[in-house]
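Taking it in order: structure first as structure tokens, then the write-up.
The values are calculated or read from the model by the stated rules, or taken from the named source; none is laboratory data. Bear in mind the structure is a predicted one, so any value in this text is a computation, not a measurement. Virtual Cβ from ideal backbone geometry, glycine too; neighbours counted across all protein chains shown. Keep in mind that these areas ignore ligands, DNA and RNA; they rest on the heavy atoms of the full protein, side chains included. Shrake-Rupley method; radii C 1.70, N 1.55, O 1.52, S 1.80 Å.
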Amino acid sequence: MSKIVLITGASSGIGRAIAIKCAEQKYDLILTARRQERLIELKEYLTANFHVSVYILCFDIQQNDEVVSSFNSLPSQWRDIDILINNAGLALGLETIDNGTLWHWEQMIDTNLKGLLYITKLVSAEMVRRHCGAIVNIGSIAGKEVYQNGNVYCATKHAVDALTKAMRIDLLRHNIKVSQVAPGMVNTEFSLVRFEGDTQRADSIYNGLTPLMAEDVADAVMFVITRPPHVTINDIVIMPTCQANTTNVLREV
Ligand code: NAP
């Protein structure tokens, strides 16, 4: 029987790339995000090209009641999730702490931290019942270091880093692997979201450099989830070659 992988934030960027690579490996998929039409398009592409089964769950991960009711709507054959990829997340704004926008902070905390917790609670309970499973959290280099004006985004990703370690301890006796993949700059819709549709500002982030592609991060995730049962990859930090850390980036002039 095929393994079932649930991916949050599958409508774009890294989550979408992971979905495609999982389908190539014949995993069945539960795709989640808010933008239903994107998920439908991806489902059609995956089922037509890879002959896998795909189930769509459309919810706002910030809303626990939506997460719970969506999860509870899963048909029984989709409940036995083997792998959870906690990928949904965002950054909003780039301001000093005194100039920060409360709404930005709340969106980041409610998505990157609370949303990850809401879905993990539900899926991990099923994994505990079955005494197997694997969870991969998409963290960030911003969860390893902080950078100027990155304050709240960095705090949420540091929380993901801490939760990855804490979950690994809690779930150890239940035979559940917990891993993190923490990327540097990846060219997705991330910067467009961060700067609220300002394409010029978003594009300027990648000016004069070659960032990671979503597929590069998906490759790292595939390595993590295809290890044999006795091997867990705790953490992978994956960077574009032009980026040493959060602040040192080599740009062509
Ligand atoms: P992206 O292209 O903007 O994708 C973000 C995904 O998260 C989308 O599918 C989006 O779906 C989903 N999402 C956001 N808010 C949501 C909500 N409230 N409810 C449900 N789904 C939600 O960005 P990405 O770069 O692929 O980001 C994926 C992950 O990688 C994030 O956790 C991000 O922090 C992390 N990351 C990115 C970078 C980078 O440079 N790109 C670097 C390090 C880490 P909908 O909008 O359809 O809901």
Helices (runs of 4 or more DSSP H) within the stretch 1-117 that include 2 or more residues within 15 Å of the ligand (Cβ to nearest atom), within 26 Å of MET213 (Cβ to Cβ) and open to solvent by 70 Å² or more (accessible area, probe 1.4 Å): 36-50
Condition met for LYS121 (within 30 Å of ARG173 (Cβ to Cβ), of a type in the set (Lys, Arg), part of a helix (DSSP H, G or I) and away from the ligand (no atom under 14 Å from the Cβ)): yes
Single residue of ASP216, ASP198 found to be away from the ligand (no atom under 13 Å from the Cβ) and either at pLDDT 95 or above or within 17 Å of the chain's Cα centre (by Cα) (or both): ASP198
Residue in the stretch 162-182 that is part of a helix (DSSP H, G or I), of a type in the set (Ser, Thr, Tyr), within 16 Å of the ligand (Cβ to nearest atom) and within 21 Å of HIS104 (Cβ to Cβ) present: no
All positions within the stretch 201-213 that are open to solvent by less than 60 Å² (accessible area, probe 1.4 Å) and within 13 Å of the ligand (Cβ to nearest atom): ALA202, ILE205, TYR206, LEU209, PRO211, LEU212
Any hit, the stretch 183-193, residues being out of contact with any strand residue (DSSP E or B) (no Cβ under 6 Å at 6 or more places or on another chain), of a type in the set (Gly, Ala, Ser) and open to solvent by 60 Å² or more (accessible area, probe 1.4 Å): no
Subset of the stretch 137-154 [without any contact (Cβ under 8 Å) to a residue 40 or more places away in the chain and either surrounded by fewer than 18 Cβ atoms within 10 Å (Cβ to Cβ) or assigned to a strand (DSSP E or B) (or both)]: none
Some residue of the stretch 237-253 being under 14 Å from the mean Cα position of the chain (by Cα), over 17 Å from GLY89 (Cβ atoms) and open to solvent by less than 80 Å² (accessible area, probe 1.4 Å): no
Tally, over the stretch 201-253, of residues that are touching a Pro at 6+ places or on another chain (Cβ under 8 Å), more than 20 Å from LYS157 (Cβ to Cβ) and among the aliphatic types (A, V, I, L, M): 1
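Can you pull out the residues in the stretch 196-224 that are touching a residue at least 24 places away in the same chain (Cβ under 8 Å) and not in a helix (DSSP H, G or I)?
If the condition is that a residue be touching a residue at least 24 places away in the same chain (Cβ under 8 Å) and not in a helix (DSSP H, G or I), then GLU196, ASN207, GLY208, LEU209, THR210, PRO211, LEU212, MET213 are the ones that fit.
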Residue satisfying condition, being of a type in the set (A, V, I, L, M), under 29 Å from SER70 (Cα atoms) and open to solvent by 50 Å² or more (accessible area, probe 1.4 Å), within set ALA134, ALA162, ALA166: ALA162
